[in-house]
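A quick write-up on the structure given underneath.
The values are calculated or read from the model by the stated rules, or taken from the named source; none is laboratory data. Since this is a predicted model, take the numbers as computed values, not measurements. Reconstructed Cβ throughout: ideal geometry from the backbone, glycine too, with neighbour counts over all protein chains shown.
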Amino acid sequence: MKSSTKMKSTTKSKTSKEQFEPRILALCCNWCSYAGADLAGTSRLQMPPNVRIIRVNCTGRIDPTFILDALYQGADGVLISGCHPGDCHYTTGNLKMRARFALLQNLLEEAGVDPRRIHLQWASAAEGDVFADGIRGMVERIKKLGPSPMRRGGK
Ligand code: FES
């Protein structure tokens, strides 16, 4: 009887872990990655449905507090996708984002949050496959990490 109860409990916890579907926010530059995301969709590339995309004019516009706030508000991971270095429409916005990203990773690590919860990638408008790969990789990674400890109230 006891072993049956224990087995049910193990099965239940395994099931809930397996059922975890991460919530991912993708912040995409209007000029390249957003179009890349669109291309991935029109090319019918397979992508998990865990991602909500917000279009920004340039990754340089992304304040690090946007990312922290997203994690705090319930995102399990945040993907930032922008123009390749040298292709930014605002010249150095993506380079500024890259510098902020490194600082943000350090900040998360210091706070005890796995820095792999955030990811920065470059994907042009012609790279729908790169965008889709980035999304798939992010979802796989966050599934392994589990729900974000930063979620407000653990929800
Ligand atoms: S315009 Fe795309 S990252 Fe700056």
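Some notes on this structure:
- Only listed residue being in a loop (DSSP other than H, G, I, E, B), in contact with a helix residue (DSSP H, G or I) (Cβ under 9 Å, 6 or more places away or on another chain) and modelled with pLDDT of 95 or more, chosen from A132, A125: A125
- Enumeration of residues in the range 63-101 that are away from the ligand (no atom under 16 Å from the Cβ), part of a helix (DSSP H, G or I) and small (G, A, S): A70
- For the range 95-121, the set of residues classified as touching a helix residue (DSSP H, G or I) at 6+ places or on another chain (Cβ under 8 Å) and of a type in the set (D, E) consists of E109, D114, listed by residue number.
- In this structure, G112 does not satisfy being more than 22 Å from D38 (Cα to Cα), surrounded by fewer than 16 Cβ atoms within 10 Å (Cβ to Cβ), touching a residue at least 60 places away in the same chain (Cβ under 8 Å) and not polar (S, T, N, Q).
- When restricted to residues that are farther than 16 Å from Q121 by Cα and in a helix (DSSP H, G or I), the range 39-62 contains 3.
- The residue that is nearest to the ligand (Cβ to nearest atom), among those in the range 39-54 that are surrounded by 14 or more Cβ atoms within 10 Å (Cβ to Cβ) and within 17 Å of the chain's Cα centre (by Cα), is I53.
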